[in-house]
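The values are calculated or read from the model by the stated rules, or taken from the named source; none is laboratory data. From a predicted model like this one, the values you see are computed outputs, not experimental measurements. Glycine gets a Cβ as well: all are built from the backbone with ideal geometry, and neighbour counts include every protein chain shown.
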Amino acid sequence: MPHPRHTAALYPHKPAYIMGDSGEMVTYRQLDQRSNQGAQLFRSLGLQAGDHIALMMENNPRFLEICWAAQRSGLIYTPISTHLKRDETAYILDNCGASLFIGSHELEAVASDVKSVSSGVDHYYMVGGISEGYESWEEALSLQPETEIADQEMGAAMLYSSGTTGQPKGVFVPPTDTDVDAAPGLATTLGQAFGFAEETVYLSPAPLYHAAPLYYNMMNIFQGGTSIVMQGFDPERALALIDEHRVTHSQWVPIMFVRMLKLPDEVRAKYDVSSMQFAIHAAAPCPVEVKEKMIDWWGPVIVEYYAASEGIGATIIDSDAWLTHKGSVGPAFVGELHIVDDEGNELPTGEIGTIYFGGEAATFTYHDEPEKTAGAYNDKGWATTGDVGYVDEDGFLYLTDRKNFMIISGGVNIYPQEIENALISHEKIADVAVFGIPCEEFGEKVQAVVEPMNWADATDETAIEIMEWLRERISNIKLPRALDFHPKLPRMDNGKLYKRHLMEEYKGGARADDKID
């Protein structure tokens, strides 16, 4: 069923989405009316198809209304991470050329600071309250008619990378059809593969400013389903919402699986998760032991895909295929897989190299960064985002790590992800980061930083225990030469670890505190 406006006409009282903590429901009629008013407001301000807006807010009921208003206005809209500070936010506003910015009263401090340094934005609005220099989004909407604008056109999101390896990059994949009723790209690919339909109840536990949560919620609502949007991830609350709403589809990152698996057995047993048809995960490699435990618990409903915001290709693997190819992210589903060495030569089966997609790969651009866009493609037209892996004899892809994170110690390539996957299964570890630090003798040596389940365990005795436990699971060459404890690793709520921040702490050698050699 195309576009929520049609669902609103047939099933006006059906929930388009429900906020998981507050229980606030937005029906399809309300979504249609409010997104119409938003589109009318955009036109009244002179914004036309192709113009750019940005929003920065926590998961709240207005977020998706604004996105749908932009979608039916032909606008390009950029959600901005709520973790960014003034200068980082201003950089994105200036880089994307946003002429309108919508902030949240909950993030008032950043919103106020941004207005003082961002010069290109013409209009400032705020949801949930007002601040100096901002108009009330809700009041402005109330003055607009609920009828459709005359020139509806398909808008699109342009999201920025998380900046884990440098300045954030705006990634834009233009819609293939500007008809406002045209199906979004995911609807005809992963949406069909995962069975999204009118009956879908989709649990969204991650921030909407990230690519996958935003695209899946937009696609689910386009199909006429209902989304359950968590304001923030909590492992037990997620299980309770699955039980309460009989959730059929959900999307996760591996660290969320880890958090749920580490709940006490009696807590996990309280909730019925049998309604789940597809538990989708992506964003980071999932440790084999973690995925095995999830399949044992939830059944063969765990499905993984590998893709990127650039839309250059995708792989997909269900539970049955994974159990015969443990650790794989599956065969190509969109595009053709190629593994390439540093000289640009395609590598044979089983050899590790940079992952490229060809064939049906989509065309994308890094906003205003032609050199980086060109650098993502090779002379054959294949595209990469810099991940490293290999393909087996069945054509199944296995990820090893980001190329930027690979450690070269004594001439040996070491992939931190393998070590992290082993460590995260230790009962006393809540999170872990592994990376290389300078070493005069070997060039680099392996450093581990552990966030313990309980800070009381951040002792030399526990570090020795962990290292001895790890020694039985990986080869000596991969063993960390130092293990430190950290109260909270810089992992964002999209599941990605900001290793860059940790690595900067260790420039010039390991820290002197909390170390065990």
Problem set entry | Contacts under 7 angstrom Cβ, first residue in the range 100-118 being assigned by TED's automatic domain parsing to the domain that holds Gln48 and touching a residue at least 40 places away in the same chain (Cβ under 8 Å), partner assigned to a strand (DSSP E or B) and among the aromatic types (Phe, Trp, Tyr), 6 or more apart | Phe101/Tyr124; Ile102/Tyr125
Problem set entry | So Ala140, is it in contact (Cβ under 8 Å) with a residue 24 or more places away in the chain, of a type outside the set (D, E, K, R) and buried (at least 20 other Cβ atoms within 10 Å of the Cβ) | no
Seminar exercise, completed: Of those in the range 187-222 that are within 17 Å of Met19 (Cβ to Cβ) and of a type in the set (Gly, Ala, Ser), the residue modelled with the highest pLDDT is Ser204
Problem set entry | Of the criteria (1) touching a strand residue (DSSP E or B) at 6+ places or on another chain (Cβ under 8 Å); (2) modelled with pLDDT of 95 or more; (3) aliphatic (A, V, I, L, M), which one Ile92 fails | (2)
For this session: Name the single residue, out of those in the range 222-257 being part of a helix (DSSP H, G or I) and of a type outside the set (A, V, I, L, M, F, W, C), that is nearest to the chain's Cα centre (by Cα).
Result: Pro254
Exercise. Can you find even one residue in the range 418-439 that is out of contact with any His (no Cβ under 6 Å at 6 or more places or on another chain), over 30 Å from Glu58 (Cα atoms) and at pLDDT below 80?
Worked result: yes
Exercise. Quick one: how many residues across the range 104-126 are under 15 Å from Leu45 (Cβ atoms) and not in a loop (DSSP other than H, G, I, E, B)?
Worked result: 3
For this session: Looking for whichever is at pLDDT 95 or above and either within 20 Å of Glu58 (Cβ to Cβ) or surrounded by 21 or more Cβ atoms within 10 Å (Cβ to Cβ) (or both) here; the options are Ile130, Ile102. Which one fits?
Result: Ile102
Seminar exercise, completed: In the set Thr400, Thr385, the lone residue that is under 28 Å from His325 (Cα atoms), of a type in the set (S, T, N, Q), at pLDDT below 95 and not in a loop (DSSP other than H, G, I, E, B) is Thr400
Exercise. What residue, of Gly344, Gly311, is over 18 Å from the mean Cα position of the chain (by Cα) and either of a type in the set (Lys, Arg) or at positive phi (or both)?
Worked result: Gly344
Exercise. Quick one: would you say Trp322 is over 28 Å from Tyr160 (Cα atoms) and out of contact with any helix residue (DSSP H, G or I) (no Cβ under 8 Å at 6 or more places or on another chain)?
Worked result: no
Problem set entry | Matching residues in the range 447-476 - criterion: being β-branched (Val, Ile, Thr) and either assigned to a helix (DSSP H, G or I) or at pLDDT 90 or above (or both) | Val449, Val450, Thr459, Thr462, Ile464, Ile466
Exercise. Condition test on Ile419, is it in contact with a helix residue (DSSP H, G or I) (Cβ under 9 Å, 6 or more places away or on another chain) and without any contact (Cβ under 8 Å) to a residue 40 or more places away in the chain?
Worked result: no
Problem set entry | Among the candidates Tyr390, Tyr415, residue that is modelled with pLDDT of 90 or more, among the hydroxyl-bearing types (Ser, Thr, Tyr) and touching an Asp or Glu at 6+ places or on another chain (Cβ under 9 Å) | Tyr390
